[in-house]
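Each remark here refers to the structure printed beneath this line.
Rule-based calculations on the coordinates, nothing more; no lab input. Nothing here was measured: the structure is a model prediction, and the numbers come from that model. Don't worry about glycine lacking a Cβ; one is built from the backbone with ideal geometry, like all the others, and counts go over all protein chains shown.
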Amino acid sequence: MLNNLRFLAFFSIFFIKIYPQVSSAIDTVYYESNSSIVQLKNKFIDESSLIINGGEVLIKSIKVFPINGQLLLPDTIMSQRLIIKYDYLTSGLPIIVGPKWKTLPKLNLIKEKNNLINSQNRLSENEKVNSVISNGSIYRNINISPMGGANFSGGLQMQINGKISKDIAISGILNDQDFPIQPDGSTRELDELDNVYLKIMHNNFDFDVGDIFYEHYNINRKLVGIKNEFNFGELQGSSIYANSRGDFRYLEIKGRDGDQGPYQLIGNNGNSDIIILADTEKVWHNGKKLTRGLNYDYIIDYSTAEVTFNPIILIDFDSDLVFEYQYSDYGYQKGFSGGNIKKIYGDSRTLEIGFYNEDDRYYTDDMSEIIFDSLSLNEKGPIQISTSTKNPLGEYYFENGFYIYDPLFTNSNEENRFDVVFQYDLNGNYQRKISSNNRVYYEAVKQENKDNILDLYSPYKIIYPPTGHQLGYIDYDYKINDNIQFKGNLSASSYNENRLYNGKNKLGVSYSYGIGFDSLKLGIGSFSINLKNSKRSIDYNSMGHENDVRHTRFWNLDSSVINGLDELTLQSEFSVNKIGSSSLEFSRLYNMGNKNTRLIFKQELSNNILKNSYYDFIYVKGQDTYFTRSEAKLNIPYGIFSPFVSFLSENDSTRNLFWKSGVGLSIHKNSTKIVTGFDYRVDKSLNGIELIHSNYQDYLAYFQYRTVLPAGVRQKIIYKKRIKNKAQGDNFNYSLFDIEFRRSLKNKPLRWQVKFKQEQTLIKQRTTVYDSVGYGLGQYRYDNIFNTYIPDPNGAFVAYTIFTGSRKPNSVFQGSQDVTYEFSGMKRKSNFIIRSNAKQEFRGENFTINNLFNPSINDSLIYRSYMFNRYEFMRYGKKRILLWLEYYKNLNGMDPRGNDYNRSNEIGLELHRSFSKISSINNRGVLKSYSIESTISEQRNRSSLGSWNELQIQSRLSSAFNVDVGFIFGSEVGTQQGQNFSGKAYGVSGLINYMFKGNGRLQTEVKLVNVEEQNNLSYLPPEAFEGNPIGLSMKINSNTQFYINQTISIILSVNMIDNSRYDNFITFQGEVRGYF
C-alpha cells in the first residue's frame, strides 16, 4: 500500500512547478560522550523542528546554535548513534536587505520592455495554475562491517502543500524512514515520526490517503489506506478502503486496591505479548473518560501494553477500569472497507445506511500444507503446533512429560535432546527464568504455584484461523414536531470464525427504537419523557462498543455479558430553570432467561445556594440478587469558597458492601484552584443479607493545588495520604503525591523547575538480556573477564528487557530539579551560565530517605535506587570555560540473581582560548573515581581513581583547511577482583578538516593511545582510561560529504579500530541523498 502512496504522490507533483524554500534533513551522528558539541550537516536550522532520537528515548539539547548548525548536549549522554531530524534554510540567510532590483545592472529599458512584460505575464499565469510548494529528500544507505556483513537501508521524506486548482487544495507528508521508537505515551499529544498522509480538499469533498483515523458509528480504527468524505447539502457520507494496523479490543477490569499500575492490556485471545497502536487507546475510571499525560490522569507504555495511573486518580479494589484500544500481535493483516450515506429530508427526517467489512488477509503460500489442512477441517480453530525439534545438541531433555533445561548436558542421551521455542500461554505450565550467564530459559511450574506467576508459557504455538466480519446498519430519525421525535436503528452482522472452513457464518441482529417527548411545559418547569426498546441477539458482533461504559456495572452484570440482551427503558425528567432537575427511570432487562429490573432516581440542583449539589440512587433486582448504589454531594458555594459534604454507598448482595463519607473545601480564584478534604470508608463482606465481618476501615486525606500563571510559570501540588486497617490487624498505609513548580520566562536570567512524584504500584520482576547481532551492529560487548556487558558502539550485542516473574508491591519515588541562571539576561550583559541538574528515582517495597541516599547492596526489597547530580559553570567567548561537578549512583535490583551497585564522582574542567583568527588551544581534564559492586558475581567488583587530560592545538591554515594536534595523558589506580592495578596512558591525536570549494568537506581524526599497567596485569577494568585496553590503541574516523550538485549529496564514513580488543576492525557507511 505504501508503494502505491509513493507513486501517487510522485505522479501528482511531477507536472507541478516546485518552489523549494525550506528543506528537511535527517542526520545520523555517532556521538562520542567526551564531546558535548554535535555538528549537523547543514546550517541555518529551524530550532523548533529539531528532534533528537537516541536509542529508545528522545534527547533534549542544552543549547542550539542554529546559524552554525551545532547542538550542545548534556554530558550525561552516553556514546551512541543519534538520529537527528530538523528543517533548515537551503540558501542561508539573506545578506542584502531591501529590494533585489537595486543590485541589478542598469538595463536598456526601451529594448527590454516587451520581453519583461511577456515574462511577467507568463509567470503570473503559472502562479494562477498552481501554487504548490514541495520539499524533501530521498536517500539510500549502506553499512558494512567485517563480521556483521552488509546492511542496506533507505528512506523518503517529503512535504507538499498548496493548491492544484482554484477549488482544490493539497497537503501531505510522505515519510517511510524507520525510527526505532514508539511515540511516548506520557504526553497528551503524540508526535508520530513515521506518519504518511496526503490530503486533497474541496468545498464538497476531501480525500485522505495514507495513515488515517476512521471514526463513525461506534467504529474507531487506525488504518493505512484511502478515506473519502463528501457533503452535497442534503446528501452526506464517507467511504474507506484500507488495511487495518491492528485488532480492536474493549476491556473491562477491576482495580487492585492501592495499586496505581501498571495494568496489563491483553489481546482478544488473552495474549499479553502485544503492542498498542499509538493514540488509539481510550481509558475510563468509574465512568469518567481520562486524559493521557504526566500532568493529567494516566500514562501508557505502548510497547509493553501497560497503563499506569497518576496520583490524581486513586485506584481501589472496586474501581471500574475500562479500556478501548487497537493492538498488534504480529498476526494476520486486516483489510477494512465500507462506507455510509446519509440523506437529510428538510428539518424533520434523516435516513442513514452503512456497510463495513473487516477480514483477515492470508496467503496460502505463508502456511505449511499441514497447518492449512488442519485449519480447513476445524470449524472454529485454533490448532496447536509443537515448537520442539529433536537435536542431539539441544539444551533441553524430555522427562515425565516436561522439558528440562540442561545446558551442561548432565543427561547424555542424545536421542532425548530438544531445541524448544516457548510461546506465551495463559494456561501454560512453564515460567521464564534467567541463568547465571544471563541466558533466558524456561522451567516447569507445579499446578499449586501457578497463581503466583503472571506470565506462563508452553512448548507449542497456538495458530488461529483467519476470520471475517461484516456489519450493516440503517438509522432513522423522524422529528414529528418541536416536541416529539422518533428514532430507530437496525443492525445486522455476519461473523466467520474460520474463513478456511466451508461452514456457515454467525448471523446476528440488533435493533432499537424509541420515542421522545421533549420540553413539554408543565407549570413552572418543563417535562420530558422517553421510551426506548433495544434488543441484541446472542450471535450479534459489533465492530465497536455500543453500550455505555458502565452499562454492565449499573445492571449488576458480568463484564462479559454484551449480547443476548432485551432492554426496555422508560425515562422522565422534570426541570425548573435556575433551580434544578429531577429524573426517574424504570428499566427491564432480559438476558439468557434471567430478568433484571432497575430503578434510577437523580436529583441535581443548579440554584446559587446549592449549585452543583446532587443525589443519585440506583436499585437493581435480579433473580436472587440485588444491587443498590447511593451517591450524594451537598455543595454550598460562597464567593470563591465552596465547602461540600459527600456520601457514596454500594451494596451487592453476592459480594460486598461499602460506604464512604467525606467533607472538603474547594477554592477557585482566577487561574488558581484548591481542593482539600477528608474521606472515611468502611468495607464489609456479605453473603445474601447476612453480614460476615468488617474487612477494612479506610481513611483518606487529600490536597490538590493547581495554578497556571503567565506563559512559562506552572505550580501543581497533589497529595493523598491513605491509612487502611484490616480487621485481621494488618495495615496498608501509603502516600501519593505529584508536585511540580516551574518558572521559565523569556528575557529572564533565572529558569528553574522542581518535580517530585510518589505512587504505589505492583511491578513485574524483569531483567536485561543481551542478544548477538554481529560485530559493529550492536551497542554492547561482552567482557568475559568481568562477566558483564559493556556499552560499545562497535559491540556485537543489543539489549532488551524481559519480564521474569510475578508482581511485587512497589513504592515509586521520582524527583528532578533543574536550575539555570544566564547572566546574559541581566541588564549588565555577561557571558556566564550556571546550571544545576539533579535526578532521583527509587523503586522498592519500602521508600525511605536512607534507602534513596544510602541503600544497601544486600537489600532484596530495593529494585532501583538512583541519584544523579551535575553542576556546571560555563563562560562563552574567546576564553571559553566549562567547569563541572558530577555525582552518580545506581543500585539495580531488578535482576532476580542479585544486585549491582555503581557509583562515580567526577570533576572536570575544559578551557578554550583563541589567540587569533587562525589559532586556538583547548584543554579538557577530568578527575574521576568509580566503584562497582555486585552480588550476582564477584568477578564484577572493581574500583578506581584516575585522571584523563586531552590538550588540543587548533590551527586554521586557510578558510578551507584546519588542522588540530592533540596530546593525551592519563593515570589511574584501583582494585579489580581483589588485585591492585596501577597504570598510565599517553597518546597523540590529529584532526584534519578540509572544505571543498562549496561542494562539501573531508574530516579525518586519528587517535593513538598507549596504556601501560605497572603491576604486570594482563587486563584492566573496561571503564579505565576511557575504555582503552592495555597496549597501543589506534582509532581512525574519516567522514566525507560531497555535493555533486544542489540536489544530490554523497556521504562516506570509515571507522577503524586496532587494539588488543579489536584487530584492524573496519566499518564503512555510505549514503546517497537527493533533495527536491
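Here are some notes:
- Based on alpha carbons, the Rg and Dmax found for the range 383-463 are 12.7, 36 Å.
- R0 of 30 Å, Cβ-Cβ distance Asn427-Lys390: FRET efficiency to nearest 0.05: 0.75
- With all pairs of different C-alpha atoms in the average, the Kirkwood value for the hydrodynamic radius of the range 911-967 is 14.4 Å.
- A cut-off of 5 Å between modelled amide H atoms, ignoring neighbours fewer than 5 places along the same chain, links Asp425 with Leu456, Tyr457, Ser458.
- Taking Cα centre as origin and charging only the Cβ of basic (Lys, Arg, +1) and acidic (Asp, Glu, -1) residues, the dipole magnitude of the range 383-463 rounds to 160 debye.
- Trypsin sites (Lys or Arg not before Pro) within the range 825-922, DSSP loop, no more than 12 other Cβ atoms inside 10 Å: Lys827, Arg828, Lys829, Lys878, Lys917
- Likely footprinting exposure, Phe853, Phe574, Phe422, fewest C-beta neighbours within 10 Å first: Phe853, Phe574, Phe422
- Placing +1 on the Cβ of every Lys and Arg and -1 on the Cβ of every Asp and Glu, with nothing else charged, gives the range 865-908 a dipole about its Cα centre of roughly 400 debye.
- Applying both filters, DSSP loop and at most 15 other Cβ atoms within 10 Å, to the trypsin sites (Lys or Arg not before Pro) of the range 964-1052 gives Lys997.
- Using θ = phi - 60° in the Karplus curve 6.51 cos²θ - 1.76 cosθ + 1.60, the 3J(HN,Hα) couplings for the range 748-759 round to 10, x, 9, 10, 8, 8, 10, 9, 9, 8, 9, 8 Hz; x is entered for Gly and Pro.
- Sparsely packed trypsin sites (Lys or Arg not before Pro) within the range 586-630, loop by DSSP, other Cβ within 10 Å at most 16: Lys611
- Of all lysines in the structure, those lying under 21 Å Cα to Cα from Lys199, and not within fewer than 8 positions of it along the same chain, are Lys17, Lys128, Lys163, Lys166, Lys222, Lys227.
- The modelled label-to-label distance for the pair Leu490/Ser856, using points 7 Å beyond Cα in the direction of Cβ, is 7.5 nm.
- Most positive-pole-ward Cα, Ser934, Val973, Leu951, against dipole of the range 933-977 from beta carbon charges: Leu951
- Working note: Karplus 6.51/-1.76/1.60 with θ = phi - 60° gives the range 559-574 the couplings 5, 7, 7, 10, 10, x, 10, 9, 10, 10, 10, 10, 10, 10, 8, 10 Hz, where Gly and Pro are set to x.
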